[in-house]
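Bear in mind these aren't lab numbers, they're just calculated from the coordinates by the rules spelled out. Quick caveat, the model's predicted, so the values are computed rather than measured. Neighbour counts run over all protein chains shown; Cβ positions are idealised from the backbone, glycine included.
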Amino acid sequence: MPAIKLLYDERILKNAIKTLDLLIMAKIQFARGIEETVVPDVRLTRAKVGDSSTATFTFTNPDILAQDGKIEPTGLYLIDEEGEIKISAVQGKFVNGKPESLEAVYVMQSKEEWDRFMRFMNRYAEENGLGLSKS
């Protein structure tokens, strides 16, 4: 009898995890656990030959800079139901000695990385009412 109960509990747990996965929204963080509410400008480039591509994120006056140094950016984390994409290359831009923006560059070397990134961006754009403009 305990084995049947264990199977039943395992099914309940799996269903609960699936439900929670559906509730995870696409979000961006500079420090784990602290959501960034400023929507970035994102510029994409792709190589004409090969699978190399880049995404450059620019955040003007992001929330993390308003923390007065209490919380330092540890990277840029793109989080959704598929998991996390971590971007380590984050740089600050200063005007008159004060931080004004943060820029992160994500370099993708394969079609799979590009496709994963685009799935994240589509979710993030949908949840934040964003659109695509070609330049």
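Could you look through segment 96-120, keep only residues that are assigned to a strand (DSSP E or B) and among the charged types (D, E, K, R), and pick out the one that is nearest to Asp80 (Cα to Cα)? In this case the residue turns out to be Glu103. Out of all the residues in segment 60-95, which are touching a Phe, Trp or Tyr at 6+ places or on another chain (Cβ under 8 Å) and within 20 Å of Arg123 (Cα to Cα)? Correct list: Leu76, Tyr77, Leu78, Asp80, Glu82, Glu84, Ile85, Lys86, Ile87. With the requirement that a residue be within 12 Å of the chain's Cα centre (by Cα) and of a type in the set (D, E, K, R), what does segment 43-87 give you? Matches in segment 43-87: Asp80, Glu81, Glu82, Glu84, Lys86.
Restricting the first member to segment 106-123 and to residues that are surrounded by fewer than 17 Cβ atoms within 10 Å (Cβ to Cβ), and the second to residues that are part of a helix (DSSP H, G or I), the beta-carbon pairs closer than 9 Å and six or more apart or on different chains are Val107/Glu113.
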